[in-house]
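We did not get these values from a lab; they are worked out from the coordinates using the rules stated. Because the structure is a prediction, the values reported are computed rather than measured. Counting neighbours? That spans all protein chains shown, and the Cβs are built from the backbone with ideal geometry, glycine included.
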Amino acid sequence: MPFQVFHEPSAFAKQVLASLKSIYEGKKVDESFSLSLTRLPNYTQKVLKTTVEIPLGYVTSYGSIAKAAGGGPRAVGNVMASNPFAPIVPCHRVVKSDFTLGGYGGGLKVKLELLGREKRGFSTSKELEVNGRQLQVFPVEYVLRNLA
């Protein structure tokens, strides 16, 4: 039999659904489960692992991800465009260096809606250490103000 019918979702499915609900509501995601990246190219893994580090309430640019993971902004954009774990790996938090939205597979309206729900009133940028390199992140308000 090629398909099995389950009447109760698995524990993993419940965690994924709870994470998606939290993302939709603009809340912090429970990171108690891991995603299997092993079948993805090494560069894609680096970029996605860097993207996961962007905290709620902040965005970063394609160029900042490139500085932390290697490669260039366009290569990062290509990884974001094929992110198999969106929005759990929060590619919606990656924007252009001028704080415009860039792209998003779910559509720019969805990206803007997700970012709007994540605003926390932060006012200053900060640097995080990721992979032994610096990742600069900016309050989501920078994007929202720029688009107003």
Can you name every residue in the stretch 53-90 that is among the aliphatic types (A, V, I, L, M) and either within 25 Å of Lys21 (Cβ to Cβ) or surrounded by fewer than 23 Cβ atoms within 10 Å (Cβ to Cβ) (or both)? Ile54, Leu56, Val59, Ala66, Ala75, Met80, Ala81, Ala86, Ile88, Val89
In the stretch 22-67, which residues are assigned to a helix (DSSP H, G or I) and over 15 Å from the mean Cα position of the chain (by Cα)? Asn42, Tyr43, Lys67
Across (1) under 21 Å from Ile23 (Cβ atoms); (2) in contact with a helix residue (DSSP H, G or I) (Cβ under 9 Å, 6 or more places away or on another chain), Glu141 clears everything bar (2)
Answer with yes or no whether Val47 is surrounded by 13 or more Cβ atoms within 10 Å (Cβ to Cβ), within 23 Å of Lys111 (Cβ to Cβ) and in contact with a Ser or Thr (Cβ under 7 Å, 6 or more places away or on another chain). no
Quick count over the stretch 79-109, residues being of a type outside the set (S, T, N, Q) and closer than 14 Å to Tyr142 by Cβ, is 8
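Please work out if Ser22 is surrounded by fewer than 18 Cβ atoms within 10 Å (Cβ to Cβ) and either of a type in the set (Gly, Ala, Ser) or over 21 Å from Val137 (Cβ atoms) (or both).
Criteria met by Ser22.
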Go through the stretch 84-113 and give me each residue that's part of a helix (DSSP H, G or I) and under 16 Å from Ile54 (Cα atoms). Cys91, His92, Arg93, Lys111
Looking at the stretch 129-143, is at least one residue surrounded by fewer than 18 Cβ atoms within 10 Å (Cβ to Cβ), under 27 Å from Pro41 (Cβ atoms), within 16 Å of the chain's Cα centre (by Cα) and in contact (Cβ under 8 Å) with a residue 60 or more places away in the chain? yes
State yes or no: is Val79 closer than 22 Å to Lys27 by Cβ, touching a Gly at 6+ places or on another chain (Cβ under 9 Å) and among the β-branched types (Val, Ile, Thr)? no
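Might you let me know whether the stretch 103-110 holds any residue that is more than 15 Å from the chain's Cα centre (by Cα), among the small types (Gly, Ala, Ser), at positive phi and surrounded by fewer than 16 Cβ atoms within 10 Å (Cβ to Cβ)?
There is no residue in the stretch 103-110 that is more than 15 Å from the chain's Cα centre (by Cα), among the small types (Gly, Ala, Ser), at positive phi and surrounded by fewer than 16 Cβ atoms within 10 Å (Cβ to Cβ).
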